[in-house]
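Computed from the coordinates by the stated procedures, all read-outs in this text should not be read as laboratory data. Bear in mind the structure is a predicted one, so any value in this text is a computation, not a measurement. With ideal geometry, Cβ positions are generated from the backbone for all residues, glycine too; neighbour counts draw on all protein chains shown.
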Amino acid sequence: MIAWLRKLIRSGDQLSVSPNKIIVGLGNPGPRYARSLHNAGFLTVDRIAGSSAKWKKWRNLASICTVEIEGVAVILVKPSTYMNLSGKAVRPLLRQTGLLPRDLLAIHDDMDLPSGKIRLRPGGGSAGGHRGVQSIIDHLQSRDFARLRIGVGRPPEGEDPAEYVLQPIPYEERTAFDALWKQAGDAASSWAVQGIETAMNKHN
């Protein structure tokens with residue numbers, strides 16, 4: 001009986017494909033943060049996946065979805081661990097797929113980038129103060145993964161930065177940000193298919 005249960009649990013962790021790339025969107029799970037700027041990564045991978053996507057739980061660490069982008073098999077990832085522990089979900093997924101940090105793209109919000117701007121960059125740099133990115137670096141013991149920074153700008157004077165990125169996006173601004181998620185999704189897809197240099201030249 002115990003052996004049967006273990007087999008059942010392991011089967012739920014198995015991936016349906018052998019991916020070529022992993023794109024992880026950083027964010028916080030739950031409805032409270034669903035439409036916040038800090039969830040820019042989640043919102044972008046949702047846009048890549050499309051409305052008919054079939055997300056599934058993986059090891060209670062993340063929601064994952066497999067897509068094919070111009071013949072490239074990609075796993076989209078939304079960690080369930082909260083932002084500061086994102087690496088806890090990313091490391092075992094890389095190990096199971098046999099992929100390397102260079103096959104990974106992390107998408108995250110960035111207050112140091114003007115609102116509406118995106119920037120792709122290759123691996124090797126610091127976390128830039130972003131705790132989700134730092135968690136991935138710490139768990140992988142590597143900086144060699146690409147990042148897609150989504151500019152959300154600085155809060156108005158006197159507003160707490162944490163409150164600014166965690167509060168819901170105002171209704172009147174959602175159309176503009178929906179266009180930004182699409183732009184970021186196109187850049188991430190370009191990275192998966194064409195590589196970091198071509199994607200940077202095209203989208204930065």
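Points worth noting:
- Remark: spin-label model distance Arg95-Gln194 equals 3.6 nm, labels positioned 7 Å along the Cα→Cβ axis.
- Bins of 5 Å from zero: percent of alpha-carbon pairs in segment 40-104: 4, 17, 27, 28, 19, 5, 0
- In degrees, nearest ten, helix 86-97 long axis to first principal axis of the chain (Cα): 40 degrees
- Debye log10 I(q)/I(0) at q = 0.13, 0.22, 0.24 Å⁻¹ for segment 98-204, Cα point scatterers: -0.51, -1.23, -1.34
- Residue exposure proxy: His108, His38, His139, ordered by other Cβ atoms within 10 angstrom of their Cβ from fewest to most, comes out as His139, His38, His108.
- Residue among Ser189, Ala127, Leu166 farthest towards the positive dipole end of segment 92-189, charges placed on Cβ: Ser189
- Dipole magnitude for segment 48-204: computed about the Cα centre from +1 point charges on Lys and Arg Cβ and -1 point charges on Asp and Glu Cβ, it is near 720 debye.
- Lysine-lysine proximity count for segment 18-203, Cα under 21 Å, sequence distance 8 or more or distinct chains: 18
- In the chain, the longest principal axis of the Cα atoms and the axis of helix 174-194 are about 50 degrees apart.
- Burial ordering of Leu37, Leu99, fewest other beta-carbon atoms within 10 Å first: Leu99, Leu37
- For segment 102-146, the residues whose amide N sits under 15 Å from a probe point set 7 Å from the Cα of Arg154 along the beta carbon direction are 110-115.
- Fraction of beta bridges assigned by DSSP in segment 18-203 that are antiparallel (%, nearest 5): 55 percent
- If the convex hull is drawn through the Cα atoms of the chain, its volume per residue in Å³: 127 Å³
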